[in-house]
Each structure stands twice: as C-alpha cells, then as structure tokens.
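What follows is a set of notes on a single structure, which appears directly below.
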Amino acid sequence: MADVDVVVVTHDSAGHLPSLAASLRRCGALVASVTVVDNLSSDGSADVARSLALPGRVAVVDAGVNLGFGRAVNLAARHPEDRAAYLLVLNPDAAVPPDGLHRLVSTLEGRPDLACVGADLRRPDGSPVSSARSFPGLWDVARGRAHDVDHAGGLVDADWLCGALMLWRRSAFEALGGFDERYFLYYEDVDLCRRARAAGWGVAIDGGVVAEHDQGHGRPTAAVLRQANRRSRRRYARRWMGVPGAGAALLADVRERLAGVVRGDAR
C-alpha cells in the first residue's frame, strides 16, 4: 500500500538525483508521491528531476528563489491532493533502503505516540553522521556543542533528528504547522522536534535502519553557512531559553568570530 509522500528540497543537487531516484524506485509501492522543490539551483536540478523515473505521483516545483529548507519542505508537503498517512523528508543526497523505509513505517504504525522516526545516517565511506541528538542546554549553546544519542540498540527515544531523513506522521506534522519558516537553514529540525515533544509526541531513531547521507553536497561557502547557523541559533535560543539563551547565543557568536580572526577569516 502507498503510505508515504516523499518531499525533497534541491539546491545544486543534480549530481545526486539519479541515485536518489533509484533508491526511491526500490521502495516501490510504499511511495504514494514524490514532490521536489528546487531552491534556485544553478545546475539544472529541476530539469534533471523532471527527467527521472520516480515512483508514485510526481511533481517538480521550481521555486524561482531560495526559499530556505523549512519553507520549501512545507510547500512540498502541501502539494499532494490525496495525502498519504506518512511524510518522508529526504535530502537529495540521502537514500533509504526499501526494507528500511518499510521498517520505519511499521514503527510509526506500531507506536502511535511517535510523531517521527529517523535512521542511522552514514556517509558513503561508512563514517557516521550525527543522526539524533539531545536538546542543547545553555552551556551547549554558548560552547557550540551537541550531544549525539547512542542508537546502537535499535529503536531509541531522542530529542531531535537530523532533517536529512525524517519520517513524519502526517497528522502530527500538520498539527504542528510544519517547519517554522523563520529558520532559513539550521535548527529548523531541532525546533520542530522540540515542538513535537512539547505537544506530547515522542521522537525516536531506529539504529537498525542504515541510510546513506552524502553530507555537505551543494552547499555555499563556509562563511555563508556560519552566518546562517548563527542566525538560526540565535532564533532557537531566544525562543526556547529566553534572555539567558539569547546571551548564550551571543557568547557563541563572539567566541566563533574570535576564532575566525585567529584563522584569518573573521566572518
């Protein structure tokens, strides 16, 4: 049964789309639709997506501007007219094995308390990608630290999941209003999972499902990424930690800029 709507946001992702399409075809009848939103790519990503054989109902939306990650996901999630019970947020550089997607769907079917579930993400060389973490505290924000959740034992509760691969119960995603579009990039996944937890939902990672994530493809310069990260960190810290959080984020900004001066890049 086609239970999953897949949403993919592209930005200069043309080189990864053929392998993404192949992985989704292997998922077969589970996929009800695939919606691709292209965020102003310069490499023809939208045209490549249109040329590929994808399962289910397919839509490719050329945004014409870079909407940011969360806003583009929300747009894609609203697109299918007949909406499936589950929503797979999937990076173009990620791939979930067909047995893995089936297992994630089965997890949500068997755990009505869960809003979303993720997988053990690995780079093509097999090295781990941070897939699930604990919410940052004040000191974590100030120091720019994050704490991964040990998920070697299979299905494990987590605070938040990496946005590269998240299977959402659509009813929960819609009840939460999707991603907060004020986050252009970074922390939108942390914020959404935190809102889910605050609303009484659970979040979990299944370490038994291994998915590939070629982290970092199609990204702009490091300076641009640092600026986006700082803006989102400030927003997240103010929202969830109030004035102390804003102070911690400011301290982190100062610390990082000083480190940039030392290495000759103060941006």
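Can you bin region 74-128 into rounded, prolate or oblate? Criterion: square roots of the alpha carbon gyration tensor eigenvalues sorted a ≥ b ≥ c, rounded for a/c under 1.5, prolate for a/b above b/c, oblate for the rest. In terms of gyration-tensor shape, oblate. Multiplying the residue separation of Ser19 and Asp157 by 0.36 nm and subtracting their alpha-carbon distance yields 46.7 nm. The distance separating the Cα centre of region 78-107 from that of region 226-246 comes to 30 Å. For Leu114, the residues whose amide H sits under 5 Å from its own are Gly202, ignoring neighbours fewer than 5 places away on the same chain, with H placed 1.01 Å from N.
Enter the Cα centre distance for the pair region 111-157 and region 1-46, rounded to the nearest angstrom. For region 111-157 versus region 1-46, the Cα centre distance is 24 Å. If the Kirkwood radius is taken over C-alpha pairs of the chain, then at 25 °C and 0.890 mPa s the Stokes-Einstein diffusion coefficient equals 130 µm²/s. Working ranking of peptides 128-139, 29-40, 107-118, 147-158 by packing, defined as the average number of other Cβ atoms within 10 Å per residue, highest first, is 29-40, 107-118, 128-139, 147-158. You can think of it this way: the chain between Ser171 and Arg226 has 16.4 nm of extra reach, that is 0.36 nm per residue less the Cα-Cα gap. With K and R counted +1 and D and E -1, the other residues having a Cβ less than 15 Å from that of Asp47 yield a net charge of -3.
A helix-only calculation puts the chain at -12500 deg cm²/dmol for mean residue ellipticity at 222 nm, using -39500 (n - 2.57) for each DSSP H run of at least four residues, averaged over all residues. Helix 222-263: angle to the longest alpha-carbon principal axis of the chain, degrees 0 to 90, nearest 10? It is inclined by approximately 80 degrees.
Counting only the backbone N, which residues of region 135-155 are under 19 Å from the spot 7 Å out from the Cα of Val243 toward its beta-carbon? Inside the label zone: 138-139, 142. Place a point 7 Å from the Cα of Arg26 along the Cα-to-Cβ direction; which residues of region 39-59 have their backbone N under 17 Å from it? From region 39-59, the list is 53-55. Rounded, prolate or oblate: pick one for region 46-171, where a ≥ b ≥ c are the square roots of the eigenvalues of its C-alpha gyration tensor, a/c under 1.5 means rounded, and failing that, prolate if a/b is larger than b/c, else oblate. Since a/c reaches 1.5 and a/b is larger than b/c, the shape of region 46-171 is classed as prolate.
All of the numbers you see were taken from the coordinates with simple rules; none came from a lab. Computed from a predicted model, the values in this text were never measured in an experiment. All Cβ positions, even for glycine, are placed from backbone atoms using ideal geometry, and neighbour counts span all protein chains on display.
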